[in-house]
1. Using only the Cα atoms, what convex hull volume per residue in Å³ does the range 1-95 have?
2. In sequence order, what are the phi-derived ³J(HN,Hα) couplings for the range 132-144 according to the Karplus relation 6.51 cos²θ - 1.76 cosθ + 1.60 with θ = phi - 60°, rounded to whole Hz, with x for glycine and proline?
3. If I take R0 = 35 Å and measure r between the Cβ atoms of Val240 and Ala151 in this structure, what FRET efficiency does the formula 1/(1 + (r/R0)^6) give, to the nearest 0.05?
4. Amide H to amide H under 5 Å from Arg301: which residues, 5+ apart in sequence or cross-chain, H placed 1.01 Å off N in plane?
5. If amide H atoms are built 1.01 Å from N in the plane of the peptide, which residues on other chains or at least 5 residues away come under 5 Å of the amide H of Gly206?
6. Quick one: of the DSSP bridges fully inside the range 147-287, what percent are antiparallel, nearest 5?
7. How large is ³J(HN,Hα), in whole Hz, for each residue of the range 78-91 in order, when computed from phi with the Karplus curve 6.51 cos²θ - 1.76 cosθ + 1.60 and θ = phi - 60°, using x for Gly and Pro?
8. Per residue, how much accessible area does the range 293-343 show when a 1.4 Å probe rolls over the protein heavy atoms, in square angstrom?
Amino acid sequence: MADQNNFPKLHNAAWPGVVGKGGEGGEPIIPLDTLLELTAKAEVDGQKFDGIDLWLADPHLSIDSDRDQVKRMVDHIAGYGLKVGSFVAPIWAGAGGGSAMGSADERKRFVSQVRKAAQIGEQMRELGIRPTGGIRIDSSTGVGDWDKDPAGNTKIIAETFREAGKAAQDHGEFLVAEGEICWGGMQSWRENVRLLEEVGLPGIVGYQADMAHSMLFTLGYNAERDRLLPEGYDWQDRSVLDAAYKKVADALRPWTYDFHVAQNDGTVFGSGDHEKTGRHVQVTDPNGKLDVTKHAGYWLRDDSGNPTRKMRHIAWDGCMFPNSVMTAQQTWNDVLGAMIKVRDAHGWRE
């Protein structure tokens with residue numbers, strides 16, 4: 001249709017092929033080429049994915065890639081007819097980074113990983129394959145350690161994020177902190193707002209809203225005082241969820257520069273080295289608690305109900321699915337179909 005929305009662009013995410021995979025007893029990591037092929041082949045009523053968001057770590061694309069290696073990857077992805085969007089920077093200790101509230105050396109490594117990601121992002125922009133997207137970070141520390149000194153530790157995390165933001169800005173990039181119940185100082189909607197206000201770099205350091213992870217804030221996991229849904233909440237009463245979820249989105253929307261369409265069933269889960277966090281479920285799962293199209297609008301529309309047009313692309317995020325699900329083409333057709341509905345409802349045309 002001539003008047004069909006064509007923004008935001010629709011991206012798949014590569015990191016679900018890595019998160020919770022590998023290691024002893026775990027399912028094997030899914031190669032990037034497999035994910036690129038599945039993404040490129042997905043199609044619903046003639047519409048396809050526009051791009052992919054990348055995991056900047058082995059075995060997908062090393063954060064230490066030189067310019068020639070980045071150029072080869074750009075050419076390779078372009079061969080699938082896809083653009084590149086947001087990155088996940090490997091800021092964790094096990095991936096070469098360190099805790100954002102750790103020692104001076106740990107924090108230096110954290111910022112260094114962000115700087116390297118920003119350099120790759122700048123090169124990809126120059127090569128024309130990356131028209132949009134930020135660099136995802138988190139605090140890289142557990143809730144228990146943070147809770148020993150909440151105010152002091154939030155201040156340290158904010159200092160690290162501020163330095164990382166300046167490093168990203170040097171290369172024309174911005175950072176998006178993905179709040180999840182497993183990350184210290186980011187385990188509730190209120191703590192995320194407090195942290196971003198402490199950083200104080202609007203437009204440079206903001207929030208990456210994953211619909212599913214953000215919904216867990218309403219249940220108060222790891223932050224009972226910030227719980228919004230009542231104990232023993234009856235999920236059949238949708239109006240209560242709507243009000244609680246809108247409060248979360250209203251608080252974080254001004255800081256939201258990157259958005260993930262996702263679904264969950266209200267439970268928590270952990271796999272591999274990943275701490276317990278929200279359980280992503282398939283977009284077709286009957287136990288999913290979100291009305292994906294409706295609740296996406298809480299993030300993609302402003303207080304007056306108008307599309308914010310802040311996110312030039314949106315991505316699907318679905319971590320910790322079995323490989324049998326991840327490698328089934330129908331999975332990605334279903335995801336694409338859900339994302340098209342979100343764009344039709346809350347997007348715009350250029």
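The values are calculated or read from the model by the stated rules, or taken from the named source; none is laboratory data. Keep in mind the model is a prediction, meaning the values are calculated, not measured. Here Cβ is always computed from backbone atoms with ideal geometry, including for glycine, and neighbour counts include all displayed protein chains. Just so you know, the surface numbers come from the protein's heavy atoms only, side chains and all, with ligands and any DNA or RNA stripped out. Shrake-Rupley method; radii C 1.70, N 1.55, O 1.52, S 1.80 Å.
1. On the way: hull volume 11.0 nm³, N = 95.
Hull volume over Cα atoms, normalised by residue count, gives 116 Å³.
2. Per-residue couplings from phi come out as 7, x, x, 10, 7, 9, 8, 7, 6, 8, x, 5, x Hz.
3. Values: r = 31 Å, r/R0 = 0.90.
The value I calculate is 0.65.
4. Thr308
5. It is Leu175, Val176, Ala177, by chain and number.
6. Values: 4 of 11 bridges.
About 35 percent, rounded to the nearest 5.
7. 4, x, 8, x, 10, 9, 10, x, 6, 10, 9, 7, x, 8
8. Numbers: 1890 Å² over 51 residues.
Averaged over the residues of the range 293-343, the accessible area is 37 Å².
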